[in-house]
């Protein structure tokens, strides 16, 4: 029987329970421990996962020698500290995005994970989704010709005080574009707005310009009451639409013909994106091949967003 990896889940607020559900249903993992300094959150965790050990102290929870991987689902301003502590204890780490808002901290964490021969995963789940894999294949095989424009709208998400909407929602688009094209923007124009006191920018529009005549337009908004997750990619020979909110046909293609557009709804089998990501982590830990692990993905992503938001 394959080894099950013991998980210490840190943070059982908004995203933690969603992670926990996907971890517990995956054959690679066992939720060994849960840590949260909030007594109400910890009480919820105890009720749902009675066989897990619960801690209110992160430092204490790290002392358990049975832990294989620490999964961090806490506010952004704790990510660097908690990830560093876990890596120093020689644990594998999965950290919620962003890993850090500071490039030098991301560089240090990557160097520490390499030094201690431990994997450092960051939660960019969409690059593991079947939808985005399908799009990557369309681009690679040039089935619609050259990709020209990436357009995205992401609206509605919980407000956060420790970061802005680009680092929170926009990071998904940056990770998707980097995965699809392996490009970084050469020029950019951004507009940031704040509609709520005591928070950072909750509304943003970004125009990004890459080489090969490729560009992106991204609109981000925490304040909307309606959840929108919509991507359009314009090609030389048509348009591809990816609507994450659709239950069945998440991808729609309009291919140019001499008579207009031919509409296609490709049959793509969709599993829960987060489950695919968790499964990838399990397989990576089983194979234990650090040599081929892409540590630079988070590094390059942080470089790009840091440059764009340097005055925020």
Which angle from 0 to 90°, rounded to the nearest 10, does the C-alpha axis of helix 296-308 make with the longest principal axis of the chain? 70
q = 0.08 Å⁻¹: log10 I(q)/I(0) that the Debye formula gives for the chain, counting C-alpha atoms only: -0.38
Estimated 222 nm signal from helices in the chain, with DSSP H stretches of n ≥ 4 weighted -39500 (n - 2.57), rounded to 500: -9500 deg cm²/dmol
Could you give the angle, 0 to 90 degrees to the nearest 10, between helix 171-181's Cα long axis and the longest principal axis of the Cα atoms of the chain? 60
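Rounded to the nearest 5, what % of the DSSP beta bridges within region 117-213 are antiparallel ones?
Restricted to region 117-213, the bridges split so that about 90 percent are antiparallel.
Send over the semi-axes of region 1-94's equivalent ellipsoid, whole angstrom and largest first, taken as the square roots of 5 times the C-alpha gyration tensor eigenvalues. Provide the component values of the computation, followed by the final result.
Details: eigenvalues 62, 56, 29 Å².
After diagonalising the Cα gyration tensor, the semi-axes are 18, 17, 12 Å.
Restricting everything to alpha-carbon atoms, can you work out Rg to Rh for region 13-150 with a Kirkwood hydrodynamic radius?
1.05
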Going by Cα centres, region 1-57 and region 273-307 are how many Å apart? 21
Which angle from 0 to 90°, rounded to the nearest 10, does the C-alpha axis of helix 130-140 make with the longest principal axis of the chain? 50
Listed highest first by mean packing, meaning other Cβ atoms within 10 Å per residue, what order do 4-16, 165-177, 282-294 come in? 165-177, 4-16, 282-294
Debye calculation, C-alpha points only, no solvent: report log10 I(q)/I(0) for region 122-200 at q = 0.11, 0.12, 0.20, 0.24 Å⁻¹, in the same order as the q values. -0.38, -0.44, -1.03, -1.28
Cβ neighbours within 10 Å, averaged per peptide: list 238-250, 29-41, 262-274 in order, most packed at the top. 29-41, 238-250, 262-274
Quick one: the Cα spread of region 194-312 along its three principal axes, in angstroms, biggest first? 48, 46, 35
Sorted largest first, the Cα spans of region 172-224 on the principal axes come out in Å as 40, 19, 16
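Which of rounded, prolate or oblate describes region 130-269 when judged by the alpha-carbon gyration tensor and an a/c cut-off of 1.5? Walk me through the numbers before you get to the answer.
On the way: a/c = 2.29, a/b = 1.63, b/c = 1.41.
Taking the square roots of the gyration eigenvalues as a ≥ b ≥ c, region 130-269 is prolate.
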Only bridges whose two residues both fall in the chain count here: according to DSSP, what percent of them are antiparallel, nearest 5? 55
For region 65-109, max minus min Cα coordinate along each principal axis, in Å, sorted largest first? 31, 19, 12
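FYI, it's all coordinate maths here, none of it is from the lab. The shown structure was predicted, so the numbers you read here are calculated from the model rather than taken from an experiment. Note: ideal-geometry Cβ built from the backbone for every residue, glycine included; neighbour counts use all protein chains shown.
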